[in-house]
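The values are calculated or read from the model by the stated rules, or taken from the named source; none is laboratory data. Just so you know, these numbers come straight off a predicted model, no measurement behind them. Note: ideal-geometry Cβ built from the backbone for every residue, glycine included; neighbour counts use all protein chains shown. The protein model used for the area step is the full one, side chains on, heavy atoms only, and it has no ligands, DNA or RNA in it. Shrake-Rupley method; radii C 1.70, N 1.55, O 1.52, S 1.80 Å.
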Amino acid sequence: MRRVVVTAAGPVVSVLLALAVTALFLTVGGYSASSAFSVMWSYGTQPSSLVASLDSAVPLYLAAVAGAFAVRMGLFNIGVDGQYRMAALAGAVAAASLPFPLAVRLPLTLLISCAVGAGWALIPALLKIHRGVNEVITSILLNAVATTVVAVLLSGVFRSGGGQNTGTAMIDAGGLMPALPGTGSGQGAVSSFVVVAVLVGVVYHLVVDRSLFGYGLRVAARSPEAAESAGIRVDRKIVQAMLVSGAVAGLVGLPHVLSVAGRFDGTLPTDLMFTGLAATLLGRQHPVGMALGAFVLAFVERSSQVLGLVQLPTEVGQVFLAVVLLSSAVGYWLTERVDQRVALAAAVRRRLRAARTPDAAPTGGAS
């Protein structure tokens, strides 16, 4: 029970710290923090806003899971942005060109996107194990490379249409992700990609926490020498972790392509990697925790859009996100320190209680 409380306390402390710093930011700027939070809550809890927050949380959650796979191996996959851009382009082309019905075309689109994302993530993994190059540096550089490659392909090979508004060919209804049954239609409906996100979370939990593969990842991350002596190939685990991380990252851009835009164009969101990283830190790499963290971040981003209408700074959402990234480590440090103090105090009390308890008198014989 104590571990559950400690695990939940980290994200709570991080969010409270972010709220406090955001309130200070508003107060110093001459605004009323209570009014801003009240307006955000009123707008964010409307049914249409909740649906929009849920749909926005799906790619954030997928980015968080992609980052968590790498973190469990002691790696930082900062190239999620480039991986999902490359994969989204490939998925959009596949969904628009494959001559199959939805039941066949949609799984193939997902698989193609996962394969492209995994292939792009393989590059920093190979550079790390063969040349010792830090994966953070190579994955960041590959983000810029991916942006250039996508721009070149989109302007030439896969371009459809003319003028300034260019993109891939439009995807017909046989290749789009349908709305979740019972949630209506149009922009007010919940995308079926929520189901994909749930399945990804279940697979993540089973693979990382309930399989020999996940155990090998944890051992290789904590003690590479012990892992090698036990027969676990650390280099192989690095490649496997980055491949899985890149495969999940390949799904991040598909909710926009298959449910919103209907093709790959300039409206694809960027920098979802850092927001997903915030959800990873908030959720402490737990599938449920990351889902809650992604929804909180999406809720703040959605609700802060209304602040401009009431003469309040719309940068409140950006400040909150930035502080969450910074305060996540602080929140975990505080909760861990408190947990250590509580555990130490409990151990001391047990020892004192045992020292004060008299030894039981012998029974069954004469004294």
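Results for (1) basic (Lys, Arg); (2) free of Cβ contacts under 8 Å to residues at least 60 places away in the same chain; (3) part of a helix (DSSP H, G or I); (4) touching a strand residue (DSSP E or B) at 6+ places or on another chain (Cβ under 8 Å), shown as yes or no for each residue.
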site: Glu225; (1), (2), (3), (4): no, yes, yes, no
site: Lys237; (1), (2), (3), (4): yes, no, yes, no
site: Val244; (1), (2), (3), (4): no, no, yes, no
site: Ala247; (1), (2), (3), (4): no, no, yes, no
site: Leu251; (1), (2), (3), (4): no, no, no, no
site: Val257; (1), (2), (3), (4): no, no, yes, no
site: Leu268; (1), (2), (3), (4): no, no, no, no
site: Met273; (1), (2), (3), (4): no, no, yes, no
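Does segment 64-113 hold any residues that are within 26 Å of Thr166 (Cβ to Cβ) and within 19 Å of the chain's Cα centre (by Cα), and which are they?
Matches in segment 64-113: Gly79, Val80, Asp81, Gly82, Gln83, Tyr84, Arg85, Met86, Ala87, Ala88, Leu110, Ser113.
Please indicate, with yes or no, whether at least one residue in segment 155-162 is at pLDDT 85 or above and surrounded by 13 or more Cβ atoms within 10 Å (Cβ to Cβ).
Taking every residue of segment 155-162 in turn, none turns out to be at pLDDT 85 or above and surrounded by 13 or more Cβ atoms within 10 Å (Cβ to Cβ).
Select, from Ser48, Ser56, Ser34, the only residue that is under 30 Å from Arg263 (Cβ atoms), at pLDDT below 90 and either in a helix (DSSP H, G or I) or open to solvent by less than 10 Å² (accessible area, probe 1.4 Å) (or both).
Ser48
Might you check whether a residue that is among the basic types (Lys, Arg), closer than 24 Å to Arg85 by Cβ and either open to solvent by 20 Å² or more (accessible area, probe 1.4 Å) or under 21 Å from the mean Cα position of the chain (by Cα) (or both) occurs anywhere in segment 209-230?
For segment 209-230, residues among the basic types (Lys, Arg), closer than 24 Å to Arg85 by Cβ and either open to solvent by 20 Å² or more (accessible area, probe 1.4 Å) or under 21 Å from the mean Cα position of the chain (by Cα) (or both): absent.
Any residue that is in contact (Cβ under 8 Å) with a residue 24 or more places away in the chain and in contact with a strand residue (DSSP E or B) (Cβ under 6 Å, 6 or more places away or on another chain) - is there at least one of those in segment 64-74?
Checking segment 64-74: not a single residue is in contact (Cβ under 8 Å) with a residue 24 or more places away in the chain and in contact with a strand residue (DSSP E or B) (Cβ under 6 Å, 6 or more places away or on another chain).
Across segment 254-312, which residue is modelled with the lowest pLDDT among those that are open to solvent by less than 50 Å² (accessible area, probe 1.4 Å), of a type outside the set (A, V, I, L, M) and farther than 22 Å from Gly201 by Cβ?
Applying the filter and picking the extreme gives Gly308.
Being surrounded by fewer than 18 Cβ atoms within 10 Å (Cβ to Cβ) and at pLDDT below 80 is the filter here; which residues of segment 10-31 pass it?
Of everything in segment 10-31, just one residue is surrounded by fewer than 18 Cβ atoms within 10 Å (Cβ to Cβ) and at pLDDT below 80, namely Val12.
Modelled with pLDDT of 75 or more, surrounded by fewer than 12 Cβ atoms within 10 Å (Cβ to Cβ) and either assigned to a helix (DSSP H, G or I) or in contact with a Pro (Cβ under 9 Å, 6 or more places away or on another chain) (or both) - does that describe any residue in segment 321-343?
Looking through segment 321-343, at least one residue is modelled with pLDDT of 75 or more, surrounded by fewer than 12 Cβ atoms within 10 Å (Cβ to Cβ) and either assigned to a helix (DSSP H, G or I) or in contact with a Pro (Cβ under 9 Å, 6 or more places away or on another chain) (or both).
Exactly one condition in (1) surrounded by fewer than 16 Cβ atoms within 10 Å (Cβ to Cβ); (2) touching a residue at least 60 places away in the same chain (Cβ under 8 Å) is false for Tyr84; which is it?
Checking Tyr84 against (1) surrounded by fewer than 16 Cβ atoms within 10 Å (Cβ to Cβ); (2) touching a residue at least 60 places away in the same chain (Cβ under 8 Å), the one that fails is (1).
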